[in-house]
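Report on the following structure.
Each reported figure results from applying straightforward, stated rules to the coordinates on display, with no laboratory input. Source: prediction; values computed, not measured. Counting neighbours? That spans all protein chains shown, and the Cβs are built from the backbone with ideal geometry, glycine included.
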Amino acid sequence: MVEIRIHGRGGQGGVTLAKIIATARFLEGDSVQAFGLYAAERSGAPIQAFCRYSDEPIQNRNLIYEPDHVVVLDPTLIGRAVSDGLKRGGWIVLNSPEEPASFRSKFPDFRLATVDATAIAKQHGLGTRSLPIVNTALSGAVGRAIGIELDQVIAAFGELGFKGGNEIAAAQAWDEVRMDQKLLSPPEETRAEAAAEAPPLPSFLEGGRDLLPGIRTGQWAVQQPKRQQQVAPCNHVCPAGNDVRAFLQALAAERLDEALAILLATSPLPGVCGRVCPAPCMENCNRIAFDGAVNVRDLERYAADHGQCELESAEPRSERIAVVGSGPAGLTAAYHLARFGYRVTLFEAADEIGGLLRTGIPGYRLPDDVVDREVGRILDLGVRTRTDARIDRPELLRLAGEHEAVLVATGLQELQSLRLGMAEADAVMQGLDFLERSSRGEMRVDGEIVIVVGGGNTALDAARSALRLGAEQVTIVYRRTRLEMPAIPEEIDQGIEEGVEIEFLTQPIAIRSNGAGPGEKHYHLSCRQMELGAADESGRRRPVEVEGSDFELACDRVILALGQSPDLAVFPEGTEVREERQLLGLLETPVYAIGDLATRDGTVAGAIGSGRRAALHIHETLSGELLGEPSGRDARRPVDVWSDHVVQPEALRMHLFERVPPAHGGHKMPWERISNFDEVHTGLVDPGEARRCLSCGGCNECDRCVTYCPEGVLKRVGHEFVFDYSFCKGCGVCAAECPRDVIFMSHL
Ligand SMILES: Cc1cc2nc3c(=O)[nH]c(=O)nc-3n(C[C@H](O)[C@H](O)[C@H](O)COP(=O)(O)OP(=O)(O)OC[C@H]3O[C@@H](n4cnc5c(N)ncnc54)[C@H](O)[C@@H]3O)c2cc1C
């Protein structure tokens, strides 16, 4: 980039000289700028003009404070201000009849060129006798000094419409310019002495004529731009506590490993959540009403499946911690505690680690190898496991005696049932048993008519698994409507696509055997029609029986999926179960209840968040160490204000974003799916969808503020944005141009 400052007087054509030089370079393919600095100055008042050119795009629009070269149009302006900020060795091109040597002592550190542009202009009738226009003559002299060919200068005249004597004046100046390239270069200390002895510069108010006032316009400002980081709605609602915005931004820049590292900072199970999370982040995405939510779930899966990350752990510590139950809550707590350096042992009643990730959620939604990979990563941290180890009350007390802390993450073990009568024992089974046996390959229902009772994930998974296990017909019976079904909506859609039928507003009453004649079905399930009444304590409308509406459904098997509740028998009587805090009524050792057992949240992400919070709490309790920034605050990106405010769409400059429909991962066709337990959803083929993330409330260094700052007082240094408040007038353009509400105007 070459930057030139021109000193002249109003009416002499200084800005036009800047335009001539800029046009000459523009015609050679450079990016250019030419502009003047003056307001209401009368003709003859000192003004400055500027020109910059570069073979790269020019982003800044600020004044030129440290020019490469200076041009002076009027000999009366040849004063000390001419060399202000001028880079050593730069050209000073003066309109003067004198030799360069006569200015040498004034400007020892610069190359000097002089030309009598006034005489040339008069000779060729440019301007009037009292105000000759010297700019075109000077353009020839400047071109010769700084290396712009005369042809290029003349070509610029053509572009700008200058005719007549201008070309001759430029050519004459080109020939006549006198140049002195030898710098005096006095030793540094001599220059310092000279500077010290120099009389103080008169201030503008004291009548310094050749100085432009160095007025710090920032002093006039009544407001100043500041930067804040607010909370993105996705981060706010993520039950796992993930920094969703940050991992999406890393993915948007195709930094897959960084995206995975960001996820692993909070959750050890991104591959699991990337497949089965109901994704409240997507429901709350600010893009939802604009052109559809960012597909966060599939992007999390992409990061988990494609990123690589070496985990670091703290120095080993002596304290031992027992975790009872190895579902997502126990696994997450074990993971964080192991990374803090604790000696962690997982006690699990089943014969394998993973809880409902193994025994509940079927492989067509969550393949075993994904669970293996993520459980493996946790165990590689040195977490020890004891399977087939059901912990009862005495055992729990023993663990409390042997460990510095105990976490209980046993999930929901009490299954709800229905009294359906005599035939129940033969025909009715629990959904979780059905799913567990199915996951072990111990279940077939070939040719059967299967009825599943319930409306949650267990009901949908049991129904879809039954189809895969050979059922002839599968019907879900649910006592409310689809709107009230707690199952993940996509699961319901996919079940219907695969052929699952749903009888809404239907309540089973009793089951009876029909005597089992040849070709007849074995059982009949008596059902009653329901209608919706007033809302109950869950906020959903209560189903009310419709009198005289009973009907029967033939079936071979009834699967109950009516929900689960915690089994608190493991705790001493009188224990108060409070999530993530030390339980009351136990020994001195802190014992915590986490996951579904404590929260009944019913999601993997909720269990992850619960396990993580408890692990952090335990670490703070045992170590006395206060943990740093909450997740979602990127210390690399300093801001003036960390705000807890959650960014709403109204705060964003949505007009600056392009509408782009979301990318959805692929799905196998329904007929391909129902003969096996292979994964149905095939995921995204690339992470491009992440570029749709608006980065709500968080700077992603788009640099619009820098580009649009009319004063050029804002620059980015690495991840930091620096305002020069001495010159910022507080116009607010940067705040108005910030798409994501990071910059705001603060009143002084
Ligand atoms: C069929 C089904 C489908 C689901 N689908 C989804 C879904 O798509 N998305 C989603 O987010 N959530 C889903 N969920 C919910 C999710 O699986 C649970 O919310 C989550 O697994 C709870 O985690 P947890 O660690 O608290 O408990 P669990 O995963 O239930 O783990 C508890 C563990 O404790 C062990 N245990 C119990 N008692 C003892 C004891 N006394 N001693 C030792 N070990 C013990 C158990 O064997 C088990 O391994 C689904 C649940 C089911 C049942």
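Assorted remarks:
- Here the gap between Leu483 and Met669, fully extended at 0.36 nm per residue and compared with their Cα-Cα distance, gives a gain of 64.4 nm.
- Cα-based helix-to-principal-axis angle, 604-623 vs the chain, degrees rounded to 10: 80
- For Lys668, no lysines have a Cα closer than 23 Å to its Cα, not counting residues fewer than 8 places off in the same chain.
- Proximal lysines to Lys226, defined as alpha-carbon separation beneath 22 angstrom and excluding residues fewer than eight positions away on the same chain: Lys715, Lys729
- Between the beta carbons of Met654 and Asp686, assuming R0 = 30 Å, the FRET efficiency works out to 0.75 to the nearest 0.05.
- Taking Cα atoms only, the orientation of helix 393-402 departs from the longest principal axis of the chain by about 40 degrees.
- Per-residue ellipticity at 222 nm, computed for the chain from helices alone with -39500 (n - 2.57) per DSSP H run of at least four residues, works out to -8500 deg cm²/dmol.
- Three-way shape label, the stretch 417-562, alpha-carbon gyration tensor, a/c 1.5: oblate
- Estimated from the Cβ-Cβ distance and a Förster radius of 25 angstrom, the FRET efficiency linking Arg540 and Thr589 is about 0.05.
- Glu620, Glu658, Glu498 arranged by Cβ crowding within 10 Å, fewest neighbours leading: Glu658, Glu620, Glu498
- The number of Lys pairs in the stretch 2-197 with C-alpha atoms less than 29 Å apart, excluding pairs fewer than 8 positions apart on the same chain, is 9.
- Ranked Cys281, Cys527, criterion: other C-beta atoms within 10 Å, fewest first: Cys527, Cys281
- GluC sites (Glu not before Pro) lying in DSSP loop within the stretch 1-71, provided at most 15 other Cβ fall within 10 Å: Glu28, Glu41
- Largest first, the extents of the alpha carbon coordinates of the stretch 1-77 on the three principal axes equal 35, 21, 20 Å.
- Residues of the stretch 1-17 falling in the label zone of Leu160, defined by backbone nitrogen less than 13 Å from a point 7 Å along Cα to beta-carbon, are 6, 12-17.
- Burial order of peptide ranges 531-539, 315-323 (average beta-carbon count within 10 Å, highest first): 315-323, 531-539
- Multiplying the residue separation of Ser549 and Arg437 by 0.36 nm and removing their Cα-Cα distance gives an extension gain of 36.8 nm.
- When the alpha carbon gyration tensor of the stretch 2-197 is reduced to an equivalent ellipsoid, its three semi-axes come out at 25, 20, 17 angstrom, largest first.
- Extension gain from Ser417 to Tyr725, taking 0.36 nm per residue of separation minus the Cα-Cα distance: 104.0 nm
- Per-residue Cβ neighbour rank within 10 angstrom, fewest leading, Arg111, Arg612, Arg540, Arg390: Arg390, Arg540, Arg111, Arg612
- Prolate/oblate/rounded call for the stretch 610-740, Cα gyration tensor, a/c under 1.5 rounded: oblate
- 37 °C / 0.692 mPa s Stokes-Einstein diffusion coefficient of the chain, Kirkwood radius on C-alpha pairs, µm²/s: 102
- Options Ile618, Leu94, Phe35, ranked by Cα towards positive dipole end of the chain, top entry (Cβ charges): Leu94
- Candidates Ile78, Phe162, Leu131 compared by Cα position along the dipole of the stretch 2-197: farthest toward the positive end lies Leu131, with charges placed on Cβ.
- Take the Cβ atoms of Arg317 and Asp567, set R0 to 35 Å, and the FRET efficiency comes out at 0.65.
- Relative to the Cα centre, the charge distribution of the chain, modelled as +1 at Lys and Arg Cβ and -1 at Asp and Glu Cβ, gives a dipole magnitude of about 2520 debye.
- Between the helical axis of 296-306 and the longest alpha-carbon principal axis of the chain there is an angle of about 90 degrees.
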